[in-house]
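K.L.:
Below: one structure in structure tokens.
The values are calculated or read from the model by the stated rules, or taken from the named source; none is laboratory data. This one's a predicted model, so the numbers in the text were calculated from it and none came from an experiment. Note: ideal-geometry Cβ built from the backbone for every residue, glycine included; neighbour counts use all protein chains shown. Accessible surface areas use protein heavy atoms only, side chains included; no ligands, DNA or RNA. Shrake-Rupley method; radii C 1.70, N 1.55, O 1.52, S 1.80 Å.
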Amino acid sequence: MRIVVGIKWVPNTQAVRFDPKTGTLIRTGVPAIVNPHDLPAAELALRLKDEYGGEVIVLTMAPPPAIQGLEHILGMGADRAVLLTDRAFAGADTLATSYVIAQGIRKIEEEWGPVDLAVFGQETIDSSTAHIGAQVASWLGWPYIYYVKKAWLQDGRLRVVRQLESAVEEFEVSTPAVVSVAMKALKARPVRLSYKLRAKLENPITVWTNKDLGLDPRCVGLKGSPTIVSKVTYLPEVPRKKIVYKPKDPRDAARWILAQLFSDEKTREALYKALWGGA
Ligand SMILES: Cc1cc2nc3c(=O)[nH]c(=O)nc-3n(C[C@H](O)[C@H](O)[C@H](O)COP(=O)(O)OP(=O)(O)OC[C@H]3O[C@@H](n4cnc5c(N)ncnc54)[C@H](O)[C@@H]3O)c2cc1C
């Protein structure tokens with residue numbers, strides 16, 4: 001089987017800021033991780049490879065630092081990685097993102113042969129639309145099943161179990177197909193040093209820009225995104241005031257900190273006594 005796993009290199013959601021002028025997220029300078037909900041997706045793909053052979057190709061559309069995310073999945077055992085990156089892809093909504101990913105999958109087929117399955121996470125922790133799996137399936141014209149927790153081959157067809165709130169369903173699906181894996185469905189295997197070293201030595205990461213994909217610039221990135229953030233009505237502000245307090249005696253510091261934290265004098269005294277033994 002040739003399986004493509006889509007992952008997103010997501011910023012630490014607490015550190016992301018919002019640009020009210022452009023209506024886009026400011027992710028520059030924010031530490032990032034592989035979207036945690038994509039790890040079960042990678043695990044499902046690797047289990048299918050363990051069982052039936054073939055290869056797992058991890059794919060992301062992102063700026064170049066996302067290579068670290070691709071390396072993580074290579075470290076779990078994926079065989080190749082593809083980074084789709086171009087300034088023209090910036091500012092994409094889910095429609096434009098899924099279009100580029102679908103075209104990336106088409107290009108993978110041109111380069112390395114037919115893809116049997118594309119696997120995605122349930123949703124991301126930074127945008128959480130859960131659109132991408134369904135939209136990629138729609139662009140490719142492939143069947144799509146979401147909330148999948150198990151998959152196997154039977155008589156040449158894919159069978160999947162999906163977990164809904166009140167039911168567990170089993171489907172038979174023709175391939176190629178797209179599935180999204182339920183967020184806590186599978187425990188991801190750890191990264192292995194030997195796989196990471198292999199990735200460093202063999203450099204299995206392919207980078208494609210829009211020149212390689214040959215897509216109309218009007219269909220990608222901000223230009224290809226029909227979703228517009230027309231107005232930001234509320235932007236929560238977290239007021240933070242830096243106060244410098246330099247007491248000579250640490251006991252004064254303790255009293256001062258307790259006074260900032262607790263209005264109730266009894267609580268302050270009790271905590272102070274616990275800290276300083278009544279001194
Ligand atoms: C108007 C608008 C403007 C935006 N501007 C920006 C912007 O300037 N910069 C920006 O970074 N984002 C921007 N976004 C967010 C961007 O649309 C999403 O990051 C992207 O489309 C993926 O959507 P999601 O995170 O909700 O993924 P979901 O649909 O929740 O993700 C489901 C799964 O799809 C896969 N997946 C998701 N994204 C990718 C990817 N890029 N590559 C491979 N697989 C993936 C993962 O497996 C993931 O678990 C904007 C969104 C809107 C609506």
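K.L.:
Report ³J(HN,Hα) in whole Hz for each residue of the stretch 92-103, in order, from the Karplus equation J = 6.51 cos²θ - 1.76 cosθ + 1.60 where θ = phi - 60°; Gly and Pro get x.
P.N.:
After applying 6.51 cos²θ - 1.76 cosθ + 1.60, I find 6, 7, 5, 5, 5, 5, 5, 5, 5, 4, 4, 5 Hz.
K.L.:
So, one more: Tell me the angle of helix 39-52 to the major Cα principal axis of the chain, expressed in degrees between 0 and 90 and rounded to the nearest ten.
P.N.:
30
K.L.:
Test of understanding: what is the full-extension gain from LEU201 to ALA274, defined as 0.36 nm times their sequence separation minus their Cα-Cα distance? Show your work: numbers first, answer last.
P.N.:
Details: separation 73, 0.36 × 73 = 26.28 nm, distance 5.70 nm.
Answer, rounded to one decimal: 20.6 nm.
K.L.:
Kindly state, to the nearest 0.05, the FRET efficiency for GLU111 paired with LEU25, given R0 = 35 Å and r defined as their beta-carbon distance.
P.N.:
On the way: r = 32 Å, r/R0 = 0.90.
With R0 = 35 Å, the Cβ-Cβ based efficiency is 0.65.
K.L.:
Still on this structure, please answer the following. Divide by every residue of the chain the summed helix terms, -39500 (n - 2.57) for each DSSP H run of at least 4, and state the resulting mean residue ellipticity at 222 nm, rounded to the nearest 500 deg cm²/dmol.
P.N.:
Helix-only estimate at 222 nm: -10000 deg cm²/dmol.
K.L.:
Starting from the Kirkwood Rh over alpha-carbon pairs, what translational D in µm² s⁻¹ does the chain have by Stokes-Einstein at 4 °C and 1.567 mPa s? Show your work: numbers first, answer last.
P.N.:
Numbers: Rh = 21.3 Å.
Answer from the Stokes-Einstein relation: 61 µm²/s.
K.L.:
To the nearest 20 debye, what charge dipole does the stretch 237-279 have about its Cα centre, counting +1 at the Cβ of each Lys and Arg and -1 at the Cβ of each Asp and Glu?
P.N.:
On the way: 10 positive and 6 negative charges, 41 e Å.
It comes to approximately 200 debye.
K.L.:
Also, quick follow-up: What figure, in Å² to the nearest 10, do you get for the accessible area of ARG106 with a 1.4 Å probe and non-protein molecules left out?
P.N.:
Spelled out: ARG106, probe radius 1.4 Å, area about 90 Å².
K.L.:
What does the charge count around PRO36 come to, taking other residues whose C-beta lies under 13 Å from its C-beta (Lys +1, Arg +1, Asp -1, Glu -1)? Provide the component values of the computation, followed by the final result.
P.N.:
Numbers: positive: LYS8, LYS184, LYS187; negative: ASP38, GLU43, GLU123, ASP126.
Net of charged neighbours comes to -1.
K.L.:
Please check which bits of the stretch 27-59 a label hung off SER128 would reach, taking the label as a point 7 Å along Cα-to-C-beta and the cut-off as backbone N under 14 Å.
P.N.:
Inside the label zone: 36-37.
K.L.:
Still on this structure, I have one more. Hey, what's the Kirkwood Rh for the stretch 189-279 if you take every pair of different alpha carbons, in angstrom? Walk me through the intermediate numbers first.
P.N.:
Working: mean 1/r = 0.0476 Å⁻¹.
The Cα-based Kirkwood calculation yields 21.0 Å.
K.L.:
Kindly sort TYR147, TYR234, TYR245 by accessible area of their heavy atoms, largest first, with the probe set to 1.4 Å.
P.N.:
On the way: TYR147 80, TYR234 170, TYR245 105 Å².
Descending order: TYR234, TYR245, TYR147.
K.L.:
Collect residues whose amide H, placed 1.01 Å from N in the peptide plane, falls under 5 Å from the amide H of TYR146; neighbours closer than 5 in sequence don't count.
P.N.:
Correct list: SER180.
K.L.:
Would you grab the residues whose amide H sits under 5 Å from the one on THR129? Only those 5+ places off in sequence or on another chain, please, with H modelled 1.01 Å from N.
P.N.:
Amide H neighbours of THR129: THR124.
K.L.:
Count charges around GLU202 for me, please; just the other residues with Cβ under 15 Å from its Cβ, Lys/Arg as +1, Asp/Glu as -1. Don't skip to the answer; put the middle values down first.
P.N.:
Details: positive: ARG80, ARG192, LYS196, ARG198, LYS200; negative: GLU55, GLU71, ASP79.
So the surrounding residues net to +2.
K.L.:
Here are some pairs, LYS150/LYS223; LYS187/LYS211; LYS184/LYS242; LYS8/LYS149; LYS211/LYS231; which of them have Cα atoms lying more than 28 Å apart in this structure?
P.N.:
Details: LYS150/LYS223 38 Å; LYS187/LYS211 37 Å; LYS184/LYS242 40 Å; LYS8/LYS149 20 Å; LYS211/LYS231 34 Å.
Table pairs above 28 Å Cα-Cα are LYS150/LYS223; LYS187/LYS211; LYS184/LYS242; LYS211/LYS231.
K.L.:
May I pose another question? Could you grab the Rg to Rh ratio for the stretch 46-193? Cα atoms only, Kirkwood for Rh. All intermediate terms of the calculation are to be shown ahead of the outcome.
P.N.:
Working: Rg = 15.1 Å, Rh = 16.1 Å.
When Rh is taken as the Kirkwood radius, the ratio is 0.94.
K.L.:
Continuing with this model, one more query. Compute the signed sum of charges (Lys and Arg +1, Asp and Glu -1) over the other residues within less than 14 Å, Cβ to Cβ, of SER174.
P.N.:
Neighbourhood net charge equals -1.
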